[in-house]
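J.: First the structure, then my questions, so here it is.
The values are calculated or read from the model by the stated rules, or taken from the named source; none is laboratory data. Just so you know, these numbers come straight off a predicted model, no measurement behind them. Cβ placement follows ideal geometry from the backbone for every residue including glycine, while neighbour counts extend to all protein chains displayed. These area figures cover heavy atoms from the full protein model, side chains too; ligands, DNA and RNA do not enter into them. Shrake-Rupley method; radii C 1.70, N 1.55, O 1.52, S 1.80 Å.
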Amino acid sequence: MGNEAIALGAIAAGVGVVTGYPGTPSSEILPTVAQRNPGRIHVEWSTNEKVALEVAAGAAYAGARTLVTMKQVGLNVASDPLMSLAYVGVKGGMVIVVADDPGPISSQTEQDTRTFGLFSKLPVFDPASPEEAYAMIGDAFALSERYGTPVLFRPTTRVCHGNAPVEVGDLSAPPAPDGFVKDPKWVIFPRLAYQSHLRIEQRLQQIADEFSDYRFNALSGSGRIGIATQGISSAYVADALAALGDSIPEHRRLRVATPHPFPRRLALAFLEGLDQVLVVEELDPVIERELLRLAGECHLPVTVLGKGSGHVQQAGENSVDSVTRALAGFLGLEVEPAADCSAGAGESAEPPVRPPVLCAGCPHRASFLAVKEAMRKRKAVFGGDIGCYTLGNAKPLDMVDTCLCMGASVTVAQGLHVVEPEAVHFAFIGDSTFFHTGIPGVINAVYNQTPIVLVVLDNSTTAMTGLQPHPGTGETMMGAVAQQIDIATVLRGLGVRHVESCDPLQHDAAKAAVLRAVEATAEGVSALIFEAPCIHVASTGPSYVINEDACKCQLCITRLGCPAISQVDAKMRIDDDLCYGCDLCAQMCPFDAIERVEPTEGKA
Amino acid sequence: MSMGANTNIIIAGVGGQGTVLASKLVARAAMDAGLRVRTSETIGMAQRGGSVVSHVRVSEAPIASPLMAPGMADLLIGFEPGEAVRSLAFLRPGGTIVTNAQPVAPVAVSPTSAAYSGPAMLERLDGCGARLAVIDGAAICAEIGSLKVLNVALLGAAAGLGALGFSLDQFETAIRESVRERFVDMNLRALHAGARSASA
């Protein structure tokens, strides 16, 4: 996997400290380092991306090679230290891997980290495949050390989650940090910032020049038309050109693996003598803008087409198919769509819509249901956050009214309360998200006396991204057992007076706890912690069956939305293969038609 | 039928069914055979019961893109009939479909919302111009005693039909290399049960 290649490349490059926060599609990088740790590397899941970047910065000040991993929106959280670190610089090489997610497939935005590179004045590497990512990460460390600058390394989903054989070198290279040397340069001040700014502009010119000769920036072909591309899109272009075959006229090709600082000299060699260029890239038109700028600056009679001209889609992920059509449009070719099996008999029978859902037995379902039932006759707004529990927005639960970014359930609820104090404002937040950016929002609510109901969905893991540990779980990536940070104690320490923990799977008790928490808002912020482990870290419970004679109301389907319950031949049925035995449906059934089957042996 | 060295495979299923291991096993077999391979997985939110698709490309020559264009796949492995139908556009005419027979119903939110017919999907697969093998995955899983072996059973079926470009022996090796030791035997039995059911 591309993410594994990045991890192994970093180990081979002698990385000494690895920090990060999980986020699709970046999550597998850091665990791979932990798994293959020759013993000398400090690996940690940090509480959030800002923390991760700052811990790594300290280690890099002391001369260690450091790797920081996150997804694209994580960089927003880390942007404060990032912007300043560009000015202060590093001693040990620092590579910040930020995985972008065109589509988006599992993200809130389609932001482009290459643009962040431009903004933060940091060099950016943009690998096109797992093999290239493995080789490139070493180049990134070397460049970082040569110029004393952090470097951004941004693969996209299809590189991160693509697999290919990679030849792995020696992973035992010892790091040799020479330690922290006190110097005024580590303290950022306005005067230092001015001087640093001058130095940054100077070094960007040098790096741009170096990048024009960089081994993964490639210029090939000849002719009067050109195709410029990057990352995975260059693979789509290769396949599309192969599909278009002999009808393709002679052309020049440019692949930009280092979009910032832009390899100007190489790009000029590409543009010189061209009439038309098509730029095929994902997310922002970064290369397109740079080529347009160069053409204008150098008065080149070349037309640059791409996202701006509508030849390439402005949003979403590229594909071999979309790129083939873009190239055909650019070259004025007719493409016959390839024959496939999608037409034919029974074409009207369409597969069902299948959005992602909370798993059967997921305790979040029980938590949402307890609050929903308790608030049936009250005006309430349900603020959601980032995690599996965002899936609580689906019907029939329909319990996520807002979702913005990590930690925002807590704070958005406060703004809503200020304008609409007559409603009850809930903030649902997961355990990992609570530690990530939830805590400052709770302090804000206590301080400003905004009486929201905080509901912490504590499932003892970071579930959505693949079950990573966090400060509340008592495990670290170094294999050590750590002190568990208790959420209830944290909340009490912050001044939340009403803090109650309960099991959401005990429906009536959970509902009563919700009502107590709502009542307690008369005294200020109140908090309810729903504690039940994710089914992926808990063992399966007993089996259940529906007694058809007693079954009358279909409430289990219309209220729960559990994947294990469906209607077969006008009868409710529990799929024993999917059921985790959470017992919630049995508790909800008004006719006691759902019966527990005493187990003869454990389920697979 | 494209055989052996150059095979493009689409693996379609529902998040949680084990599609990722299936593509990993094919990739392992390809690497062992000295072939080039690229795969691309669906990892993230869709793993929670959504539609997931893996692209697996095996070739003697260098492979550019991990993703296929429509009409490029030689083999479509469906873990569920509806998901196989959803990916039909990737399959070339005359390609092979190996699909599990049992549908996975999407989550019901109202008593009428889950009207989803597995047989209608199978009918559509049958009439699409591909060679079709329908595997009784539930029966094989019951025989082996685990629901987790559906992926290997389907691979066994595809290998048994000669549609994968690898022999059952090559897959046995790949399984031994990729699966935790205590699950090896179970998976080997599933592989052969799948192969038998395809040739039956």
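J.: At R0 = 45 Å, how high is the FRET efficiency between A:E500 and A:V568 if r is their beta carbon distance? Nearest 0.05 is fine. Mind dumping the intermediate values first?
T.: Working: r = 40 Å, r/R0 = 0.89.
With a Förster radius of 45 Å, E is 0.65.
J.: At a Cα cut-off below 19 Å, give the lysines reachable from B:K148, other chains included and same-chain residues fewer than 8 away excluded.
T.: Correct list for B:K148: A:K603, B:K24.
J.: Just need the relative contact order of the range A:543-597 here, percent rounded to a whole number, with Cα pairs under 8 Å and 6+ apart. If you can, show how the numbers build up before the last one.
T.: Working: 74 pairs, mean separation 28.9, N = 55.
Worked out over the range A:543-597, it gives 53 percent.
J.: Got a sec? Which residues in the range A:90-120 would a label at A:Q195 touch, if it sits 7 Å along Cα→Cβ and we count backbone N under 16 Å?
T.: The answer is A:90.
J.: Got a number for carbon plus sulfur as a percent of the range A:202-284's accessible area, 1.4 Å probe?
T.: Details: 1430 of 3050 Å².
C and S atoms contribute 47 percent here.
J.: Right, something else. Across peptide A:384-394, how many C-beta atoms of other chains are within 10 Å of each residue C-beta, on average?
T.: Averaged over the peptide's residues, the number is 1.
J.: Take every Cα pair under 8 Å in the range A:471-604 that's 6+ residues apart, average their separations, divide by the length, and report that relative contact order as a whole percent.
T.: On the way: 170 pairs, mean separation 28.8, N = 134.
After rounding, I find 21 percent.
J.: Starting from the Cα of A:K50, draw a straight line to each of the lysines and keep only those under 17 Å, dropping any in the same chain fewer than 8 residues away.
T.: Those lysines meeting the cut-off are A:K71.
J.: Accessible surface of B:R196 in the full protein assembly, 1.4 angstrom probe, to the nearest 10 Å²?
T.: 130 Å²
J.: Apply the a/c threshold of 1.5 to the C-alpha gyration tensor of the range A:543-597 and tell me whether it is rounded, prolate or oblate.
T.: Working: a/c = 1.26, a/b = 1.15, b/c = 1.10.
It is rounded, given that a/c, with a ≥ b ≥ c, falls under 1.5.
J.: Just to confirm the number: angle between the C-alpha axis of helix A:231-244 and the first principal axis of chain A, 0 to 90 degrees, nearest 10?
T.: 70 degrees
J.: Which shape class, rounded, prolate or oblate, goes with the protein assembly as shown when its Cα gyration tensor gives a ≥ b ≥ c as root eigenvalues, a/c under 1.5 marks rounded, and past that a/b bigger than b/c marks prolate? Don't skip to the answer; put the middle values down first.
T.: Working: a/c = 1.72, a/b = 1.12, b/c = 1.54.
Since a/c reaches 1.5 but b/c is at least a/b, the shape of the protein assembly as shown is classed as oblate.
J.: While we're looking at this one, here's another question. Leaving ligands, DNA and RNA out of it, work out the accessible area of B:H55 with a 1.4 Å probe and give it in Å² to the nearest 10.
T.: Accessible area, nearest 10 Å²: 10 Å².
J.: Also, I was wondering about something else. Ranked by accessible surface with a 1.4 Å probe, highest first, in what order do A:H425, A:H251 come?
T.: On the way: A:H425 5, A:H251 35 Å².
Output order, biggest surface exposure first: A:H251, A:H425.
J.: How large is the helix-only mean residue ellipticity at 222 nm for chain A, computed as the sum of -39500 (n - 2.57) over DSSP H runs with n ≥ 4, divided by its residue count, in deg cm²/dmol to the nearest 500?
T.: Numbers: 19 runs with 204 residues, N = 604.
It lands at -10000 deg cm²/dmol.
J.: In the neighborhood of A:I225, defined by Cβ-to-Cβ distances under 9 Å, what is the net charge if each Lys or Arg adds +1 and each Asp or Glu adds -1? Mind dumping the intermediate values first?
T.: Values: positive: A:R224, A:R252; negative: A:E250, A:D275.
Once positives and negatives cancel, what remains is 0.
J.: Separate question: Could you tell me the calculated FRET efficiency between B:D169 and A:F119, based on Cβ-Cβ distance and R0 = 60 angstrom, to the nearest 0.05? Mind dumping the intermediate values first?
T.: Numbers: r = 55 Å, r/R0 = 0.92.
After rounding, the FRET efficiency stands at 0.65.
J.: Let me ask you something else. By how many nm would the segment from A:V537 to A:L515 grow when fully extended, if each residue of separation counts as 0.36 nm and the alpha-carbon distance is taken off? Mind showing how you got there, number by number?
T.: Working: separation 22, 0.36 × 22 = 7.92 nm, distance 2.93 nm.
Additional length available on full extension: 5.0 nm.
J.: Rank A:L578, B:L122, A:L327 by accessible area, highest first, at a 1.4 Å probe radius?
T.: Values: A:L578 70, B:L122 40, A:L327 0 Å².
Largest accessible area first, the list is A:L578, B:L122, A:L327.
J.: Taking the Cα atoms only, what angle lies between the long axis of helix A:130-147 and the longest principal axis of chain A, rounded to 10 degrees?
T.: Result, in degrees: 70.
J.: I'd like the accessible area for A:K372, computed on protein heavy atoms only with a 1.4 Å probe and all protein chains in place. Round to 10 Å², please.
T.: 50 Å²
J.: Using a 1.4 Å probe on the protein chains only, how many percent of the accessible area of the range A:1-41 belongs to carbon and sulfur? Walk me through the numbers on the way to the answer.
T.: Details: 390 of 910 Å².
Ligands and nucleic acids excluded, carbon and sulfur give 43 percent.
J.: OK, next. Can you work out the accessible area per residue across chain A, with the rest of the protein chains kept in place, probe 1.4 Å, in square angstrom? Display every interim value, and only then the final one.
T.: Numbers: 24270 Å² over 604 residues.
So chain A comes to 40 Å² accessible per residue, rounded to a whole number.
J.: In what order, largest first, do A:T473, A:T113, A:T489 sit by accessible area if the probe radius is 1.4 Å?
T.: On the way: A:T473 25, A:T113 0, A:T489 85 Å².
Result, largest first: A:T489, A:T473, A:T113.
J.: Helix A:363-374 versus the longest principal axis of chain A: what angle, 0 to 90°, nearest 10, using Cα atoms?
T.: The angle comes out at about 60 degrees.
J.: To the nearest whole number, what is the average tally of beta carbon atoms from other chains within 10 Å of the beta carbons of peptide A:317-325? Each step should come with its number before you reach the end.
T.: Working: counts 1, 2, 5, 8, 7, 1, 2, 2, 0.
Per residue, the number of nearby Cβ atoms from other chains is 3 on average.
J.: Name the residues of the range B:19-49, by number, that are at least 40 Å² less accessible with every protein chain in place than in the isolated chain; the surface is that of heavy atoms, probe 1.4 Å, without ligands or nucleic acids.
T.: Residues passing the criterion (a loss of at least 40 Å², heavy atoms only) are B:R38, B:T39, B:E41, B:I43, B:M45, B:R48.
J.: Nearest 100 Å² is fine: what is the total accessible surface buried where chains A and B meet, probe 1.4 Å?
T.: Details: alone 26530 and 9370 Å², together 31390 Å².
That pair hides around 4500 Å² of surface in total.
J.: Efficiency by 1/(1 + (r/R0)^6): what FRET value for B:F183 and B:E60, r their Cβ-Cβ distance, R0 = 35 Å, to the nearest 0.05? Could you put the intermediate results ahead of the total?
T.: Working: r = 32 Å, r/R0 = 0.90.
Calculated value: 0.65.
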